[in-house]
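Report on the following structure.
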Amino acid sequence: MIREQAALPDGVLPWTDLPRFAALCLTVMGEQRAEAQQSTTLAFVDRAIGDICAYLTIGGVPVSEAYQAAAKGYHGTVLCCMPRAEIYVQDDERPHSFEEALQIHQQLVSTYQALGYVVVEVPWGTVAERVDWVVACLTETA
């Protein structure tokens with residue numbers, strides 16, 4: 001979303017207009033979830049509506065009941081990956097320092113827990129090891 005919006009002359013970015021960016025994300029993520037719910041296969045999302053709630057909190061913007069209600073209904077287990085200093089890169093889409101990324105991560109975890117999700121940290125490893133771990137984790141929580 002950030003890349004798409006940054007490419008537009010009048011694009012909305014979270015660091016210039018967080019409430020408008022959040023509303024745009026809510027629309028797009030709601031559409032993504034509706035599409036995934038129509039499928040018979042398991043769908044993973046990199047970002048979900050709970051993320052919007054966390055970022056609004058970080059930005060000091062009140063999180064409305066509408067956002068909180070919309071954040072419900074995903075799988076009860078949220079998988080997250082702790083930022084790692086050795087691979088973290090600041091760029092136009094991630095302007096935050098590594099220390100800020102850690103704070104954002106903690107807010108994401110806290111927000112999802114407050115929304116009633118079980119947050120599970122994916123252990124570091126190779127891609128294959130992480131895939132195996134995720135499959136095993138989801139098998140246990142199904």
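We did not get these values from a lab; they are worked out from the coordinates using the rules stated. Computed from a predicted structure; not experimentally measured. Cβ atoms come from the backbone with ideal geometry, glycine included; neighbour counts cover every protein chain shown.
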| task | Go ahead and run the numbers for FRET between residue 121 and residue 3, Cβ-Cβ distance against an R0 of 25 Å, rounding to 0.05. | result | 0.40
| message | From the helices alone, meaning DSSP H stretches of at least four residues, give me the mean residue ellipticity at 222 nm for the chain, per-run term -39500 (n - 2.57), in deg cm²/dmol to the nearest 500. | response | -16500 deg cm²/dmol
| field | Packing rank of 75-83, 18-26, where each peptide gets the mean count of other beta carbons within 10 Å, highest leading | value | 18-26, 75-83
| Each label point is 7 Å from the Cα along the Cα-to-Cβ direction; what then is the distance between the points at residue 36 and residue 90, in nm? | 3.1 nm
| Where in the chain are the helices, taken as whole DSSP H runs, whose Cα atoms extend 15 angstrom or more along the long axis and whose Kyte-Doolittle mean reaches at least 0.5? | 127-141
| request: State, as an integer percentage, the relative contact order of the chain based on alpha-carbon contacts under 8 Å between residues 6 or more apart. | output: 21 percent
| request: Please work out the FRET efficiency for the pair residue 65 and residue 23, using the Cβ-Cβ distance as r and a Förster radius of 25 Å; give the result to the nearest 0.05. | output: 0.95
| request: Using a 10 angstrom cutoff on alpha carbons, build the Gaussian network for the chain and name the most mobile of 127, 109, 118. | output: 127
| field | Contour excess over end-to-end distance, with Cα ends at residue 134 and residue 75 and 0.36 nm allotted per residue | value | 19.9 nm
| query | Exactly which trypsin sites (Lys or Arg not before Pro) in the range 37-115 are in a DSSP loop and have at most 13 other Cβ atoms within 10 Å? | reply | 72, 84
